[in-house]
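Colleague: Got a structure here, written out as structure tokens. Questions coming.
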Amino acid sequence: MRGERRPPYILAIDAGTEAIKAGLFDLHGQRVAMGSRSYPTYFPAPGWAEQDPADWWAGLVGAVQDCLRAANVAPGDIAGISADATTCTLMPLDPVGQPLGRALLWMDVRAATQAQRIFATGDSALRYCLAGANAEWMPPKMLWLKENEPERYAATATLIEFTDWIAYRLTGRLTLNLDTVTQRWFYHTPSGGWPLDFFTAIGLPDLAAKFPADILPLGASVDGLSEEAANALGLRPGIPVAAGGGDAFVGLLGQGVTQPGDLGVVMGSSNVLSALSVKELHFPGVFGSFPDAIIPGLNLVEGGQVSTGSVLAWFKRNFGAGAAADAAARGVSVYQLLDEEAAQVPPGAEGLIVLDYFQGNRTPHTDSTARGAIWGLSLQSGRAQVFRALMEGIAYGMEDILQTFRTHGFLVERIIASGGATHSPLFMQIYADVCGQPLQVTREPEASLLGSAVVAAVGAGLHPDLATAARQMVAIERQFTPDPQRHAEYAFFVRQYQDTYRQLRDLMRKMNERLVQK
């Protein structure tokens, strides 16, 4: 029965940008307990972002111990472990496996110049990112390291991802995970693996020699939990540790995204949209597609919005004082009050259009100089209209990505959402009405954590494969069905949203150039 929680249990670890979480799940995907610990990010220079692996390990140990205390289960009942983490958070190691300084976090964009030079080569390996240069990915960061910190680059015996570092600390074995190296390191299974000619062409001929030899797909065995790690965590040695992957993409398994045409949306401060395709697809406006990154034989197609939930938080933080006072007087949350007020405003927010590019656009434009915009304001516009317009602008951004998929022949058949925004029925209904497709919401909001549990269950031999494990462990809690009339009405506003970027693009770039000069 789904309502009964009994062993064996799975320990899942989700290492995000601001914190690391540990969750204990049963084989039906029900969460027994969770622990969480935060860690700092260091910003030593503009555009730089670094994290210390010592902070990671302290956070991991604390989160696991908190989870085990809350669960109150016997260590012998834990049958498998797996971890996911942020992608393109790179950890150079010395010849004995010790960190060479801090890790370069995914959001570190110090390598913007290197990224532009790499993109200008037009190499076929760049088919994954045809829309534009991306300084987040591995090769630009390593080229920056070689050019600006040559001693550190030369001393790097092994280069791994955050996810692989966790696996290394748990087992003592150095590996890479197929999920992340396919997405961000240009590994391409159908072509035989590493694009060595590409690495040579961009000035990194020795780069591949710094990679661990073993590249493991999701759910493959890394090794058993080492005695040292077991003692630190309060677990028994030898528990199978399964190879994980990138947080948002392992989260697809926690949403039940396992079939062609499925699309998962992780809704947080930003939105990550990921879908599975039978065919390998490469076209401007998406990242990918990435063969075998999640499910063997299927391709991962990725889109994303940089600023979504963070835009609503921005509004609440800067303009929500009155709403906070009103909410406190009624004994409700600020977001609940704002939702109630926005629900009274008709679709289209009485002529307001919001461009959600507050921190740039990831897809379909891949434009780091793009910025947010609000137009159509009148003296009639109040916080209800503006707050609804913000939600609608975010939904228009998602529809813009879906239209890009459709334009190139990729049809999304099912949308599954998880994350903080799913707590707002109004927001979910706006998404459904704008996109014209039902949105399913999962029971477990921590999709990445549950996805790592799915991976760990397969690694422990408790489920035969990832798709079967996801079917057994993921439950759909609600569905939001689009209203045909509202969808037809929203089509006009989506076009206005798309035209807004086209009209403002050059102005935004000129403004960005001026700010950079200052």
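Colleague: Any residue at all in segment 161-172 that is in contact with a Phe, Trp or Tyr (Cβ under 7 Å, 6 or more places away or on another chain), open to solvent by 10 Å² or more (accessible area, probe 1.4 Å), at pLDDT 90 or above and in a loop (DSSP other than H, G, I, E, B)?
Modeller: Within segment 161-172 (the criterion being in contact with a Phe, Trp or Tyr (Cβ under 7 Å, 6 or more places away or on another chain), open to solvent by 10 Å² or more (accessible area, probe 1.4 Å), at pLDDT 90 or above and in a loop (DSSP other than H, G, I, E, B)), the answer is no, since none of the residues qualifies.
Colleague: Could you list, in sequence order, the residues of segment 82-120 that are of a type in the set (D, E, K, R) and either under 27 Å from GLY219 (Cα atoms) or in contact with an Asp or Glu (Cβ under 9 Å, 6 or more places away or on another chain) (or both)?
Modeller: Of everything in segment 82-120, those that are of a type in the set (D, E, K, R) and either under 27 Å from GLY219 (Cα atoms) or in contact with an Asp or Glu (Cβ under 9 Å, 6 or more places away or on another chain) (or both) turn out to be ASP84, ARG102, ASP108.
Colleague: Could you tell me which numbered condition LEU24 fails, if it satisfies all but one of (1) of a type in the set (A, V, I, L, M); (2) open to solvent by 10 Å² or more (accessible area, probe 1.4 Å); (3) more than 27 Å from ARG184 (Cβ to Cβ); (4) not in a loop (DSSP other than H, G, I, E, B)?
Modeller: Only one criterion is unmet by LEU24, namely (2).
Colleague: Is one or more of the residues making up segment 359-376 closer than 26 Å to GLY288 by Cα, at pLDDT below 95 and assigned to a helix (DSSP H, G or I)?
Modeller: no
Colleague: Please state which one of ARG37, ARG5, ARG69 is part of a strand (DSSP E or B), open to solvent by 10 Å² or more (accessible area, probe 1.4 Å) and of a type outside the set (Gly, Ala, Ser).
Modeller: ARG37
Colleague: Okay, next question. It is to be established whether one or more residues within segment 440-462 are over 24 Å from the mean Cα position of the chain (by Cα), under 30 Å from GLY376 (Cβ atoms) and part of a loop (DSSP other than H, G, I, E, B).
Modeller: Scanning segment 440-462 turns up no residue that is over 24 Å from the mean Cα position of the chain (by Cα), under 30 Å from GLY376 (Cβ atoms) and part of a loop (DSSP other than H, G, I, E, B).
Let's see how each residue does on (1) polar (S, T, N, Q); (2) modelled with pLDDT under 90; (3) open to solvent by 60 Å² or more (accessible area, probe 1.4 Å):
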residue	(1), (2), (3)
VAL286	no, yes, no
THR308	yes, no, no
TRP314	no, no, yes
ALA328	no, no, yes
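Colleague: With the structure loaded, tell me whether ALA201 is open to solvent by 20 Å² or more (accessible area, probe 1.4 Å) and either of a type in the set (Asp, Glu) or touching a residue at least 12 places away in the same chain (Cβ under 8 Å) (or both) or whether it fails that test.
Modeller: Criteria met by ALA201.
Colleague: Give the residue that is most open to solvent (accessible area, probe 1.4 Å), with candidates limited to residues of segment 374-393 that are more than 15 Å from GLN305 (Cα to Cα) and of a type in the set (Gly, Ala, Ser).
Modeller: Within segment 374-393, the match that is most open to solvent (accessible area, probe 1.4 Å) is SER378.
Colleague: What's the number of the only condition in (1) in contact with a strand residue (DSSP E or B) (Cβ under 8 Å, 6 or more places away or on another chain); (2) over 26 Å from LEU507 (Cα atoms) that HIS408 fails to meet?
Modeller: (1)
Colleague: Within the set of pairs 6 or more residues apart or between chains, which connect a residue that is under 23 Å from ALA58 (Cβ atoms) inside segment 219-244 to a residue that is of a type in the set (Asp, Glu) and crowded, with 20+ Cβ neighbours inside 10 Å with Cβ atoms less than 8 Å apart?
Modeller: Matching pairs, first to second residue: GLY244/ASP84; GLY244/ASP179.
Colleague: Scan segment 137-166 residue by residue and report those that are aliphatic (A, V, I, L, M) and in contact with a Gly (Cβ under 7 Å, 6 or more places away or on another chain).
Modeller: Listed by number, the list holds a single entry, LEU143.
Colleague: Write out, first by first residue and then by second, each pair whose Cβ atoms fall under 8 Å of each other, whose residues are 6+ apart or on separate chains, and whose first residue, in segment 59-73, is free of Cβ contacts under 8 Å to residues at least 60 places away in the same chain while the second is of a type in the set (Ser, Thr, Tyr) and outside any helix (DSSP H, G or I).
Modeller: Final answer for the pair search is GLY59/SER38; GLY59/TYR39; ALA63/SER36; ASP66/SER36.
Colleague: Tell me, please, whether a residue that is buried (at least 20 other Cβ atoms within 10 Å of the Cβ) and either of a type outside the set (A, V, I, L, M, F, W, C) or in contact with an Asp or Glu (Cβ under 7 Å, 6 or more places away or on another chain) (or both) can be found in segment 148-155.
Modeller: Yes, that holds for at least one residue.
The values are calculated or read from the model by the stated rules, or taken from the named source; none is laboratory data. All values reported here derive from a predicted model rather than from experimental measurement. In this analysis, Cβ positions are derived from the backbone assuming ideal geometry, glycine residues included, and neighbour counts consider all displayed protein chains. Each accessible area value is taken on the protein alone, full model and side chains, heavy atoms only, with ligands, DNA and RNA left out. Shrake-Rupley method; radii C 1.70, N 1.55, O 1.52, S 1.80 Å.
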